[in-house]
Amino acid sequence: MSINPIAQPGQPGSNLRRMTMTMEEDAFSLGASQALFPAWADWKRRLKLIDAMMRDMSQHRDPQAMVRAYGERLRQLMPTDRFVSMSRRGLEAPSFRITRSSTWTEEINPWTEPHRLPVVEGGLLGKLLHEQKPQVIDDILPYLDDDDPAFEYLDGMRSVMVIPHYNDGVATNMVALMRKDPAGFDLEQFPEWVWISSLHGRATHNLVLNDELKRAYAMVEHELKVVADIQRSLLPQSLPSIPGLDIAAYYQTSRWAGGDYYDFFELPGGRWGILIADVSGHGTPAAVIMAITHSLAHGHPGHPDPPSALLEHVNRRLSETYTQAGDVFVTAFYGIYDPSTRELAYACAGHNPPRVKRCQDGSILALEASAGPPLGLFADMTYGQASVTLIPKDLLVLYTDGITEAMDNRGEQFGLQRFDSVLANCGLSAQALMDMMLDAVVKHTGDRPPDDDRTLLVGRVS
């Protein structure tokens with residue numbers, strides 16, 4: 001700490017004493033500590049007030065209320081005749097705003113009502129604010145003119161203590177404490193008040209930032225909810241009635257919105273297309289690609305038939321327009337089921353092969369005879385296709401990897417072994433089997449939130 005008086009006592013201009021605090025010296029030396037904490041006779045009372053102030057500040061969530069409470073405590077610790085707070089945030093020198101004043105008859109919230117704050121240009125307060133250092137002036141009369149733009153806030157006062165509040169090392173705010181008498185402030189107490197006031201300024205600033213962050217989160221959360229609602233509107237609002245096939249479906253995003261997608265397409269001859277897809281990544285970016293995939297699938301010229309034609313159409317459009325950067329892709333499985341023959345023709349683009357549980361003999365078949373790379377990587381890709389004929393009591397299960405890769409708190413995945421063990425319950429309906437599968441996943445993961453979107457389609461052949 002260094003004291004740099006502008007004029008020494010007894011010399012011209014000795015009515016002015018300014019103290020500038022720097023952090024260049026060791027503020028934690030024994031001498032500095034003694035200077036910051038003089039042995040005042042009423043130290044117990046002051047400690048009690050400061051402790052109560054700190055406790056009170058820790059409970060506030062509204063910056064305006066905290067400033068009000070702080071002001072009341074501060075007046076008990078160091079009575080003053082007037083105070084004024086200023087800010088130059090967002091203004092060019094020498095302009096600044098008056099943010100608070102004890103002369104005001106009506107309280108103004110500077111954060112919610114900045115338009116009501118008077119803007120002042122220059123003058124004594126402006127000069128002190130832009131000098132960006134703590135100062136004490138024993139007598140302001142020689143430096144105060146009647147035409148000073150802030151004269152009304154200084155009129156009748158003689159001594160002033162100014163304390164800057166820093167943000168990123170710059171004094172964007174300042175508080176001026178005033179007394180009617182000249183030399184009204186004890187310089188021995190000045191460092192402590194700079195400290196206390198600055199800490200309060202930082203605490204208030206943090207509350208403001210926290211409030212702004214909450215509002216930003218609320219806005220983002222609202223927008224994400226809108227995105228999620230839009231995304232869910234793209235999914236089938238009801239399951240189709242397919243002769244001889246009992247169907248159940250489940251869809252859960254790991255966040256507000258996600259990249260999983262499933263759909264049904266009614267085709268000529270009583271056939272039905274069944275599509276399941278999974279966009280790489282999570283959250284809103286994946287949801288956007290999911291919506292694009294939905295649009296491309298429904299924009300297929302004519303009926304999406306055969307399965308390979310739909311995948312090639314979506315892949316070409318994705319690759320040429322939306323995924324050129326190569327940092328996103330879509331896995332997909334598309335099958336066309338004919339109830340009259342129970343034949344399922346299918347094509348796969350890097351997706352988890354659906355499982356067919358043959359309940360008549362207990363075997364499990366993975367539909368992986370036709371496999372190609374994910375959509376959105378190679379524009380000129382052609383996809384092959386295969387077919388399987390289902391028989392009564394068969395279970396057809398389509399899923400995304402959010403099901404099989406669901407992890408517990410030890411990082412162990414649910415896996416195909418647990419998945420297939422659930423399929424052993426052949427006597428259940430599609431809905432009951434899906435519920436059992438989801439219960440098994442939840443039992444495995446416990447209280448761990450989903451790491452990925454989860455989609456499950458179950459069909460039972462009758």
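General remarks:
- Unique residue being of a type outside the set (D, E, K, R) and more than 22 Å from Arg454 (Cα to Cα) when the list is His351, His313: His313
- Exactly one residue among Ser233, Ser197 is at pLDDT 75 or above and among the hydroxyl-bearing types (Ser, Thr, Tyr), and that residue is Ser233.
- Qualifying residue in the range 273-280 (condition: at pLDDT 85 or above, part of a loop (DSSP other than H, G, I, E, B), over 30 Å from Gly169 (Cα atoms) and hydrophobic (A, V, I, L, M, F, W, C)): no
- Checked against the criterion of being in contact with a Leu (Cβ under 9 Å, 6 or more places away or on another chain) and either closer than 16 Å to Leu275 by Cα or free of Cβ contacts under 8 Å to residues at least 12 places away in the same chain (or both), the range 400-416 contains one or more residues that satisfy it.
- For the range 75-109, a residue qualifies if it is out of contact with any Ser or Thr (no Cβ under 8 Å at 6 or more places or on another chain), farther than 11 Å from Gly126 by Cα and not in a loop (DSSP other than H, G, I, E, B), and the qualifying residues are Arg75, Gln76, Leu77.
- Residue match in the range 373-396 (condition: in a loop (DSSP other than H, G, I, E, B), charged (D, E, K, R), surrounded by fewer than 20 Cβ atoms within 10 Å (Cβ to Cβ) and without any contact (Cβ under 8 Å) to a residue 24 or more places away in the chain): no
- Residue among Pro339, Pro354 that alone is crowded, with 20+ Cβ neighbours inside 10 Å, on the phi < 0 side of the Ramachandran plot and at pLDDT 95 or above: Pro354
- With respect to the conditions (1) within 22 Å of Pro79 (Cα to Cα); (2) in a loop (DSSP other than H, G, I, E, B), Asp147 falls short on a single one, namely (1).
- Beta carbons closer than 6 Å, at least 6 apart along the sequence or on distinct chains, pair a first residue in the range 94-108 that is in the same structural domain as Gly156 (by TED's automatic domain parsing) with a second that is in a strand (DSSP E or B) and of a type in the set (Phe, Trp, Tyr) for Ser102/Phe83.
- Tyr251 assigned by TED's automatic domain parsing to the domain that holds Asp338, within 18 Å of Gly350 (Cβ to Cβ) and either of a type in the set (Asp, Glu) or buried (at least 18 other Cβ atoms within 10 Å of the Cβ) (or both): no
- Candidates Val160, Val175 - the one that is out of contact with any His (no Cβ under 6 Å at 6 or more places or on another chain), under 25 Å from Asp62 (Cα atoms) and either at pLDDT 80 or above or assigned to a loop (DSSP other than H, G, I, E, B) (or both): Val175
- Test: Glu368 is within 31 Å of the chain's Cα centre (by Cα) and surrounded by fewer than 18 Cβ atoms within 10 Å (Cβ to Cβ): no
- Residues satisfying the stated conditions in the range 320-330, i.e. surrounded by fewer than 21 Cβ atoms within 10 Å (Cβ to Cβ) and either at pLDDT 95 or above or farther than 25 Å from Arg454 by Cα (or both): Glu320, Thr321, Gln324, Ala325
- Residue count for the range 268-295, restricted to those that are under 29 Å from Pro243 (Cβ atoms) and free of Cβ contacts under 8 Å to residues at least 40 places away in the same chain: 1
- In a residue-by-residue description of the range 238-245, the property of being surrounded by 11 or more Cβ atoms within 10 Å (Cβ to Cβ) and over 26 Å from Gly270 (Cα atoms) applies to no position.
- The residues in the range 105-118 that are over 32 Å from the mean Cα position of the chain (by Cα) and surrounded by 12 or more Cβ atoms within 10 Å (Cβ to Cβ) can be counted, and the count is 1.
- Scanning the range 318-369 for residues that are of a type outside the set (Asp, Glu) and in a helix (DSSP H, G or I) yields Leu318, Ser319, Thr321, Tyr322.
The values are calculated or read from the model by the stated rules, or taken from the named source; none is laboratory data. Source: prediction; values computed, not measured. Cβ sites come from the backbone with ideal geometry, for glycine too, and all protein chains shown count toward neighbours.
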